[in-house]
1. Taking the options LEU62, LEU71, LEU45, LEU16, name whichever one is aliphatic (A, V, I, L, M), more than 13 Å from the ligand (Cβ to nearest atom) and at pLDDT 95 or above.
2. Against the definition (touching a residue at least 24 places away in the same chain (Cβ under 8 Å), in a loop (DSSP other than H, G, I, E, B), of a type outside the set (A, V, I, L, M, F, W, C) and under 23 Å from ALA141 (Cβ atoms)), how does PRO81 come out, yes or no?
3. In region 141-176, what count of residues is obtained for those that are under 23 Å from LEU112 (Cα atoms) and either at pLDDT below 95 or in a strand (DSSP E or B) (or both)?
4. Only residues in region 132-159 that are of a type in the set (S, T, N, Q) count as the first member; pair them with residues that are part of a helix (DSSP H, G or I) and within 13 Å of the ligand (Cβ to nearest atom), Cβ under 9 angstrom, at least 6 apart or cross-chain, and list the lot.
5. Scanning for something assigned to a loop (DSSP other than H, G, I, E, B) and within 12 Å of the ligand (Cβ to nearest atom), does region 87-106 turn up at least one residue?
6. With VAL41, VAL13 as the choices, which residue is under 12 Å from VAL63 (Cβ atoms) and either in a helix (DSSP H, G or I) or within 15 Å of the chain's Cα centre (by Cα) (or both)?
Amino acid sequence: MEIDVRPAREPEVDALHELAAATFPLACPPHLPDVAIRDFVAEHLSVAAFTAHLANPDHSVLVAERGGRLLGYALTKLGPPENPEVLAVVPEGPWCELSKLYVHPDGHGAGLARALLAAVEDEARRASAVTLWLGVNQLNARANAFYAKHGLQVAGTRHFVVGGQVEADFVRACRL
Ligand SMILES: CC(C)(COP(=O)(O)OP(=O)(O)OC[C@H]1O[C@@H](n2cnc3c(N)ncnc32)[C@H](O)[C@@H]1OP(=O)(O)O)[C@@H](O)C(=O)NCCC(=O)NCCS
């Protein structure tokens, strides 16, 4: 079945929220409490949050469909990393952050993530970014294998508190 990657459209924000809520838990470490996941989805992956991303000229939301079914999305943000731990390990700008890359399990291993990442890289280059970076939980083996396979190498780590616990992400990056 044909894979189509394109910018998200405003009427799709409800579907994006549903896809994001269904796929976000897949990226979380197993010890993260459900309430922390629910809070994150309510704050960062709501319909209002996607509406705001679509209105922000430095943010981009791309979607991947297969056979007309929305199965994946990517969210990117242009600009310098706000976290000093990240800036220290990816010092060369201009930057594009791959903030979210999520594919429904029905689309795993089917090339949707690869197609989304290729579109993200093209778009970031067009925006003159030279560094593409992301944070990924260290325990997310599938995502880490995917990123390593596509040239996003570990540049360092970043730490943050969620659900009262300190979590560590790998910071991965590549030069565009
Ligand atoms: C991360 C994600 C976008 C990658 O897309 P995908 O279609 O699953 O990626 P691929 O199948 O091309 O690559 C995954 C690789 O991990 C491997 N893999 C699968 N499970 C694994 C595991 N438990 N440990 C190590 N490697 C694993 C696969 O075999 C594959 O490698 P291969 O192509 O050499 O066989 C997708 O899995 C996803 O959306 N996951 C849930 C959300 C998420 O974690 N997003 C990233 C947040 S930073």
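The values are calculated or read from the model by the stated rules, or taken from the named source; none is laboratory data. Just so it is clear, the structure is predicted and the values come from calculations on it, not from any experiment. Ideal geometry is used to build each Cβ from the backbone, glycine not excepted, and the neighbour counts take in all protein chains shown.
1. Numbers: LEU62 fails: more than 13 Å from the ligand (Cβ to nearest atom); LEU71 fails: more than 13 Å from the ligand (Cβ to nearest atom); LEU45 fails: more than 13 Å from the ligand (Cβ to nearest atom).
None of the other options fit; the residue is LEU16.
2. No, not satisfied.
3. 8
4. Pairs that qualify, where the first residue is of a type in the set (S, T, N, Q) and the partner is part of a helix (DSSP H, G or I) and within 13 Å of the ligand (Cβ to nearest atom), are ASN137/ALA27; ASN137/ALA143; ASN137/ASN144; GLN138/ASN144; ASN140/LEU26; ASN140/ALA27; GLN153/TYR147.
5. yes
6. Testing whether each residue is under 12 Å from VAL63 (Cβ atoms) and either in a helix (DSSP H, G or I) or within 15 Å of the chain's Cα centre (by Cα) (or both) leaves just VAL13.
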